[in-house]
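Take a look at the structure set out below.
Read the figures in this text as sums done on the coordinates, not as results from a lab. Computed from a predicted structure; not experimentally measured. For neighbour counting, all protein chains shown are included, and Cβ atoms are generated from backbone atoms with ideal geometry for every residue, glycine included.
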Amino acid sequence: MSAKAVRIGIGGPVGSGKTRLIERLLPLIHEAGLKPAVITNDLVTLEDAMRVKASGLIEETLVVGVETGACPHTAIREDPSVNIQAADALERDNPLDLILIESGGDNLAATFSSELVDYWIFVIDCAAGDDIPRKRGLGMLQADLLVVNKIDLAPHVGADLNRIRHDVQVNRPQKTTIYTNLRSPEGASEVFATLKRDALFGVRFIDRA
């Protein structure tokens with residue numbers, strides 16, 4: 001991709017923690033001296049964009065909501081033009097280092113087009129049960145980074161975290177997976193460290209030493 005800003009996709013089922021991941025990442029991104037923007041997708045609402053704007057974690061003008069009007073993965077895979085246009089517009093008007101592009105909540109088959117993003121994250125959560133890795137959804141299998149969220153809830157919903165870890169290792173033996181709890185501000189620290197290493201390696205960080 002020729003865009004200056006690194007474009008990072010964030011996908012996953014409804015309620016898995018995609019927007020919360022963005023909220024946890026933004027302070028870390030700012031602390032690193034980088035300037036981010038955010039694009040959120042949903043069918044017929046701008047609720048996620050409004051939530052991110054209201055958080056106070058980023059300038060409101062750097063958050064764009066996209067109403068896809070169709071199956072959420074259509075706008076990130078089959079025809080990502082509306083998201084590409086939104087990202088291009090943000091870059092024309094702002095000096096940016098990265099753009100976080102959140103898919104609308106979708107099923108386990110959601111994947112991102114390489115025309116849209118340089119790197120993508122798929123978020124699942126233990127509260128949805130321990131069978132998701134066994135279902136071998138394309139999102140889990142193909143994402144550059146898998147985030148398994150809400151590990152603190154596993155024992156409360158009868159999910160076997162050890163089984164999840166085993167099944168993920170079997171199905172993603174060569175790809176990175178992070179187990180976390182995004183309720184905590186520290187929950188995204190390892191995610192951001194991975195992004196810096198694997199996706200933002202060409203971006204210059206501020207040395208605060």
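Assorted remarks:
- Filtered by the rule that a residue be within 14 Å of residue 73 (Cβ to Cβ) and in contact (Cβ under 8 Å) with a residue 40 or more places away in the chain, region 96-114 gives 101, 102, 103, 104, 105, 106, 107, 108, 110, 111, 112.
- Members of region 133-144 that are surrounded by 21 or more Cβ atoms within 10 Å (Cβ to Cβ) and within 14 Å of the chain's Cα centre (by Cα): 139, 140, 143
- Some residue of region 7-21 being part of a loop (DSSP other than H, G, I, E, B), touching a Pro at 6+ places or on another chain (Cβ under 9 Å) and either free of Cβ contacts under 8 Å to residues at least 12 places away in the same chain or surrounded by 20 or more Cβ atoms within 10 Å (Cβ to Cβ) (or both): no
- Among residues of region 50-66, those that are surrounded by fewer than 20 Cβ atoms within 10 Å (Cβ to Cβ), in contact with a helix residue (DSSP H, G or I) (Cβ under 9 Å, 6 or more places away or on another chain) and over 13 Å from residue 37 (Cα atoms), counted: 3
- If you check 76, 124 for being crowded, with 23+ Cβ neighbours inside 10 Å, touching a Ser or Thr at 6+ places or on another chain (Cβ under 6 Å) and closer than 18 Å to residue 5 by Cβ, only one passes: 76.
- Among residues of region 158-205 being of a type in the set (Ser, Thr, Tyr) and assigned to a loop (DSSP other than H, G, I, E, B), the one that is surrounded by the most Cβ atoms within 10 Å (Cβ to Cβ) is 180.
- Checking each residue in region 74-119 for being within 17 Å of the chain's Cα centre (by Cα), among the charged types (D, E, K, R) and not in a loop (DSSP other than H, G, I, E, B) picks out only 102.
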